[in-house]
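Below you'll find the structure, written out as structure tokens, and then a few comments.
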Amino acid sequence: MATDFVKQNDLEFVSQLEQMKANLPTYLAVLGLSAADMGLANTMADAMAWIVLRNNAAPGFTQDWSKLRDQVRLGIGGDILQPMPVPPDVTTPPAIIPVNIEKKYRALVKRIKSSDAYTTGIGENLGIEAPKTIPDFSTYKPVFKLKLTAGQVLIIWKKLQAQGINIYKKVDNGAWFKLDFDGTPNYLDTSATPPAGITQNWSYKLRYVKGDVEVGEFSDVMSITVAGA
């Protein structure tokens, strides 16, 4: 399992740092952290917010100057001169601006998660647990392979986040029937093989099961020739 979870978008990373800054005091003693750790969380949040917000303001300042130039030279934007662009405020930086904040953040997260008192709930409050993704089971469609193993058919499939699969089978041109439910990949079909000298076409289709209910789509049909020993 990954020891950290870092937002890639700058503004989202700022929010993540701010969340740790706001909530870490509650867990400082519980997690065995020091005042220096809290100070680091504070300085990382303050510095990153200051840098990112001003970095985001800079392109707008440049664009405003370009519009003003076009108006002065070409009259684009009307005959009334637009106000002078207001430069971003860079006059009050934080007292401490650490370098390589993401690396320091990852190291602090790793220490937090290594604490015996750490829980997922604490991590969620600190913003260091990745959000749980809820799969869309309606789009689930099994993909599987068939393989002959000592004359028997092995169905090779992946479980994903389902409970398991229902396996349907037909022999030659017969009717489909439910062969079995399998909750753990892979599945070996131990049905009786054809009589000696006879070959049969065994076809299979699978469907995922969640909460004892079939979900998603049926798989494509896969077939294999089985010969009697």
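The values are calculated or read from the model by the stated rules, or taken from the named source; none is laboratory data. None of these values were measured; they are calculated from a predicted model. With ideal geometry, Cβ positions are generated from the backbone for all residues, glycine too; neighbour counts draw on all protein chains shown.
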Does residue 68 satisfy the criteria of being farther than 22 Å from residue 118 by Cα and surrounded by 16 or more Cβ atoms within 10 Å (Cβ to Cβ)? yes
If I ask for residues that are surrounded by fewer than 19 Cβ atoms within 10 Å (Cβ to Cβ) and not in a strand (DSSP E or B), which ones from the stretch 202-229 would you list? 211, 212, 217, 218, 220, 221, 228, 229
Give 42, 56 a once-over and let me know the one that is out of contact with any strand residue (DSSP E or B) (no Cβ under 6 Å at 6 or more places or on another chain), surrounded by 12 or more Cβ atoms within 10 Å (Cβ to Cβ) and more than 30 Å from residue 113 (Cα to Cα). 56
With the first residue restricted to the stretch 141-167 and required to be of a type in the set (Lys, Arg), and the second required to be surrounded by 19 or more Cβ atoms within 10 Å (Cβ to Cβ), Cβ contacts under 7 Å at 6 or more apart or on different chains are 141/216; 141/219
Of the residues that sit in the stretch 99-134 and are surrounded by fewer than 17 Cβ atoms within 10 Å (Cβ to Cβ) and among the β-branched types (Val, Ile, Thr), which one is farthest from residue 50 (Cα to Cα)? 134
Anything in the stretch 23-46 that is in a helix (DSSP H, G or I) and aliphatic (A, V, I, L, M)? List them, or say none. 24, 35, 36, 38, 40, 41, 44, 45
Subset of the stretch 62-120 (residues that are more than 29 Å from the chain's Cα centre (by Cα), closer than 30 Å to residue 26 by Cβ and among the small types (Gly, Ala, Ser)): 95
Subset of the stretch 173-195, residues touching a Ser or Thr at 6+ places or on another chain (Cβ under 9 Å) and closer than 16 Å to residue 146 by Cα, comes to 179, 188
Of 84, 20, 1, which residue is out of contact with any strand residue (DSSP E or B) (no Cβ under 7 Å at 6 or more places or on another chain), at pLDDT 95 or above and either among the hydrophobic types (A, V, I, L, M, F, W, C) or crowded, with 16+ Cβ neighbours inside 10 Å (or both)? 20
Subset of the stretch 178-198, residues modelled with pLDDT of 95 or more and either surrounded by 17 or more Cβ atoms within 10 Å (Cβ to Cβ) or in a strand (DSSP E or B) (or both), comes to 178, 179, 180, 181, 182, 187, 188, 189
Given (1) free of Cβ contacts under 8 Å to residues at least 40 places away in the same chain; (2) among the aromatic types (Phe, Trp, Tyr); (3) under 22 Å from residue 162 (Cα atoms), residue 176 misses just (3)
